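Values quoted throughout were computed directly from the atomic coordinates according to the rules given, and no laboratory measurement underlies them. Treat the numbers as computed from the prediction; the structure is a model and nothing was measured. Glycine gets a Cβ as well: all are built from the backbone with ideal geometry, and neighbour counts include every protein chain shown.
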Amino acid sequence: MEIILKEDINNLGYKDDIAEVKRGYAINYLIPKGLAIKADKSAKKVREENLKQRAHKEEKLRKDATVIAEQLKNKEIKVGAKTSSKGKIFGSVTNIQLADAINKKGFNIDRKKISIVQKEVKEVGKYDAVIKLHRDVKVDLSFEVVSE
């Protein structure tokens, strides 16, 4: 079933994208939650008009995201964590702590836009993350976990 997304959905698409999904997923989840609408002729025409009007705004957002990406590439991010004497972290470092550390550097990055490359961050050391600033702009960021 073809649908038009009303919001960005991980592993499916971005707002105003046309996606092909199973009928049950669309009818039972996406449409009732307001995340998508059925892609019929009139909905596609409205989508095209919205895309034309939003093109200028999208270009500005893309430029802003590119500037932030360039600034983030050069930053050294350190995340403090409570550790044992052997360097093991009590718990683990998640994108929440990483977002807090980035925001202390003067950026306003939502934690949902950050994904840590390694599965688990449970020891002191250097790790990598990907920050999705815009649908076309992603920045690779390395950060260091240090003992507090």
For this session: Can you run down the residue pairs with Cβ atoms below 6 Å, 6 or more apart or on separate chains, where the first is in region 74-87 and in contact (Cβ under 8 Å) with a residue 12 or more places away in the chain and exposed (fewer than 14 other Cβ atoms within 10 Å of the Cβ) and the partner is in a loop (DSSP other than H, G, I, E, B) and among the hydrophobic types (A, V, I, L, M, F, W, C)?
Result: LYS82/PHE90; GLY87/VAL124
Exercise. Quick one: would you say GLY34 is touching a residue at least 24 places away in the same chain (Cβ under 8 Å) and within 24 Å of LYS112 (Cα to Cα)?
Worked result: yes
